[in-house]
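Worksheet: the structure to be examined is printed underneath.
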Amino acid sequence: MSKKIVLRDDEMPTSWYNVVPDIPNGLQPPLDPETNEPMGPEKLSVIFPMGLLEQEMSAERFIKIPDEVLEVYKIWRPSPLVRASNLEKALGTKAKIFFKNEGVSPVGSHKPNSAVAQAYYNKREGVKRLATETGAGQWGSALSMATNRFGLECKVYMVRVSYDQKPYRKSIMQAFGAGIVASPSSDTNTGRAILESHPDTPGSLGIAISEAIEDAATRDDTNYALGSVLNHVILHQSIIGLEAKKQMEIAGEYPDVIIGCCGGGSNFAGLMNPYLPDHLEGRKIRFVGVEPASCPTMTAGKLAYDFGDVAKTTPLIYMYTLGHDFIPPGIHAGGLRYHGMAPTVSALVGEKIIEPVRVHQMECFEAGILFAKTEGIIPAPETCHAIRGAVIEATKDLNDPKTILFNFSGHGLIDMGSYDKYFSGELHNYDYPEEQIAEVLYH
Ligand SMILES: *Cc1c(COP(=O)(O)O)cnc(C)c1O
């Protein structure tokens, strides 16, 4: 069998799969915090285009991918499915391990799958400019690339600490023509107020989200874009699993277990959702979502209505949450430090269809380095969590010939600073601040 299974351009799926109609017992609607009534599309249309709001609320199983989006996808898609045969040998396992390599995208992660679609729908409705936040810089890079493709301006509010520590991410965004400011910034009311009271704050994703939403809500030519969590983002990411399913068929394999790392849930959902209908029809397949022990949204959070940001500007979203003012310890997988989990992923955890597990960052870096040595690709710190999950599955019983499929959400070449710290012994494990969770949830 060949090492990697590659599809031709014309074998790429032409529709996305929408998991919402297949979620047992359905989803709870987002609520307007002012009325506690379900939030209709009118209010949200101030910051999102109708094309995306329709997808957000759609009950259709398949939604056609516009030709303009497929054209951009073809820069790196279909992405390869690879058999991690050298990793299997190193582990001494009879399990077969496959990974879907989303690290081959122009910015090195799965995030452009949604960024390109979001830029397209905004452009189609005459929007001139998008505002967004970025933590580690992966989403900002993806949206900068996508807005550049469609001739839109892009303004990125980048969490101050990352802005100072990750200069190359900033340069990637600049190369694509985006404007970047450190958040909190003096460009918004939220930012100015925080700067006044806390001039030395390192910033947070919650603050940056609030700034980007304020920017979009106060300018006619500008909309807002979010890189995970929302139903339309999960929809766009289904291209990962739809391709993988075809590739696994070509390999003559069917996964016993699908694994992904979970920040807001979009890359894991993208890979697993197209397999959900098989599971619901009785096929034996397990879904394992891996999260950091320092930000254990699914394993220690509550399924409840909560805000998506610190300033409480978003609708109330029904999801697993650690509380909107939960501040996770500074682990090196920046993309996994969000307090909430996508409503679709949360619902499947609630239904016991997804098995959540939590792992510590040191065991993840160890797994990532073993992967680099055996398979030749250095994983992003986030992706190391999925690899750790796959290693745990493959070594539970070395004689069990099960088939494992995991999502390789991104490469780590722009995150070598984290590896540097690992090698120099500066990294250690963090448990989550349990008192803080209880505090914020029971207020
Ligand atoms: C952003 C990111 C994640 C986490 O986000 P999800 O929405 O959970 O997918 C994981 N891996 C990489 C490489 C990322 O950039």
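The values are calculated or read from the model by the stated rules, or taken from the named source; none is laboratory data. Keep in mind it's a predicted model, so treat the numbers as computed, not measured. Glycine gets a Cβ as well: all are built from the backbone with ideal geometry, and neighbour counts include every protein chain shown. Note: areas computed on protein heavy atoms with side chains; ligands, DNA, RNA excluded. Shrake-Rupley method; radii C 1.70, N 1.55, O 1.52, S 1.80 Å.
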Completion exercise
Of those in the range 315-353 that are farther than 30 Å from residue 426 by Cβ, among the hydroxyl-bearing types (Ser, Thr, Tyr) and within 16 Å of the ligand (Cβ to nearest atom), the residue most open to solvent (accessible area, probe 1.4 Å) is 320
Exercise for the section: Would you please name the residue that is least open to solvent (accessible area, probe 1.4 Å), looking only at residues in the range 27-52 that are within 22 Å of the chain's Cα centre (by Cα) and closer than 26 Å to residue 354 by Cβ? Expected result: 52
Exercise for the section: Could you tell me whether any residue of the range 81-101 is open to solvent by 10 Å² or more (accessible area, probe 1.4 Å) and within 19 Å of residue 233 (Cα to Cα)? Expected result: yes
Practice task
Restrict the check to the range 302-309 and report whether at least one residue is within 14 Å of the ligand (Cβ to nearest atom), open to solvent by 10 Å² or more (accessible area, probe 1.4 Å) and either touching a residue at least 12 places away in the same chain (Cβ under 8 Å) or assigned to a loop (DSSP other than H, G, I, E, B) (or both).
Solution key: no
Practice task
Please verify whether the range 169-180 includes one or more residues that are part of a strand (DSSP E or B), open to solvent by 10 Å² or more (accessible area, probe 1.4 Å) and closer than 26 Å to residue 263 by Cα.
Solution key: yes
Exercise for the section: Look through the range 273-292, keep the residues that are in contact (Cβ under 8 Å) with a residue 60 or more places away in the chain and not in a strand (DSSP E or B), and return whichever of them is most open to solvent (accessible area, probe 1.4 Å). Expected result: 280
Problem - Residue that is open to solvent by 80 Å² or more (accessible area, probe 1.4 Å) and of a type outside the set (Gly, Ala, Ser), where the choices are 75, 63 - result: 75
Practice task
With respect to residue 313, determine if the residue is more than 19 Å from residue 436 (Cβ to Cβ) and modelled with pLDDT under 95.
Solution key: yes
Fill in the blank from the handout: Output for Cβ contacts, cut-off 6 Å, separation at least six or different chains, first residue touching a residue at least 40 places away in the same chain (Cβ under 8 Å) in the range 13-31, second open to solvent by 50 Å² or more (accessible area, probe 1.4 Å) and aromatic (Phe, Trp, Tyr), reads 15/62; 28/318
Exercise for the section: Take the range 111-145 and flag every residue that is part of a loop (DSSP other than H, G, I, E, B) and either closer than 17 Å to residue 45 by Cα or open to solvent by 10 Å² or more (accessible area, probe 1.4 Å) (or both). Expected result: 111, 125, 126, 127, 128, 135, 136
Handout entry: All positions within the range 146-163 that are of a type in the set (A, V, I, L, M), part of a helix (DSSP H, G or I) and either modelled with pLDDT of 95 or more or closer than 24 Å to residue 66 by Cβ (or both)
Key = 146
Problem - Residue tally, condition free of Cβ contacts under 8 Å to residues at least 60 places away in the same chain and among the β-branched types (Val, Ile, Thr), over the range 46-98 - result: 2
